[in-house]
Amino acid sequence: MAEKIVVCISGLAATGKSTLAKRLAESLNLRYVSGGEGLKMLAVEMGYRSGGREWWETEEGMRFLEERLRNPEFDKLVDRKLIELAKAGNVIIDSWVLPWLYRDGFNIWLKARTEVRAERMAKRSGISVEEARKLLEKRDSESIELYRRLYGVEVGRDFEPFHLILDTSDLDESAVYRIVLQAVKEFFRLR
């Protein structure tokens, strides 16, 4: 490939970011990187035992998120690494905030209705929909406030850095993948 491909997929929790990012990376033969996984690596270094997508919904995961709110350096470290990887190119990155920090890629915002997100989280984490809804509200508000403080960005309100905004509420994984794959191919003029 002559041009370095950088795709960043953003959105609130349970909108389908990591599912889409992994599938795109595999089909385009690109590296997949997750901002959430970067945070989990920091958690492990601090003595937490993280594992699986659903770790964030566990008591230990929530305890780490509380600690993260008290120390913004966690996110800054991860975000600096994500920027380095983006600059190197040929990567699909799933991150809540990277599109505001790195503007040279194709940036996608995924959104979904709260009830759909709660159902997805409940299914993947084995918790009730009501419990998932409460966790989503807490995580969303805390993360949105954190990124406002760290970088002055309005996650979920400012869509200026995005090339594509897609509501995944009424689409299955395959439909989301096909739509985004076509958009990425058009943007980078891939065959």
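Rule-based calculations on the coordinates, nothing more; no lab input. The structure presented is a predicted model; accordingly, all values stated were derived computationally and were not measured. Don't worry about glycine lacking a Cβ; one is built from the backbone with ideal geometry, like all the others, and counts go over all protein chains shown.
Modelled spin-label separation between residue 71 and residue 3, with each label point placed 7 Å from Cα along the Cα-to-Cβ direction: 4.1 nm.
Name the most mobile residue of 44, 176, 97, meaning the one with the largest mean-square fluctuation, in a Gaussian network model of the chain with Cα contacts below 10 Å. Looking only at 44, 176, 97, the largest GNM fluctuation is found for 44. Using Stokes-Einstein with the Kirkwood hydrodynamic radius over Cα pairs, what translational diffusion coefficient do you get for region 83-174 at 25 °C and a viscosity of 0.890 mPa s, in µm²/s rounded to a whole number? Translational D for this selection: 166 µm²/s.
Taking only the C-alpha atoms of region 6-182, the Rg (one decimal) and the largest Cα-Cα distance, Dmax (whole number), read 15.3, 42 Å. Relative to the longest principal axis of the Cα atoms of the chain, the long axis of helix 17-28 makes an angle of roughly 30 degrees. Here the gap between residue 154 and residue 175, fully extended at 0.36 nm per residue and compared with their Cα-Cα distance, gives a gain of 4.8 nm. Coordinate range of the alpha-carbon atoms in region 47-132 per principal axis, descending: 40, 32, 20 Å.
Only one residue of 11, 100, 127 has its Cα farthest out toward the positive end of the dipole of region 6-182, where Lys and Arg carry +1 and Asp and Glu -1 on Cβ, and that residue is 100. Take the Cβ atoms of residue 26 and residue 119, set R0 to 25 Å, and the FRET efficiency comes out at 0.45.
Relative to the Cα centre, the charge distribution of region 6-182, modelled as +1 at Lys and Arg Cβ and -1 at Asp and Glu Cβ, gives a dipole magnitude of about 280 debye. Taken along the Cα-to-beta-carbon direction at a fixed 7 Å, the label points for residue 163 and residue 128 span 4.4 nm.
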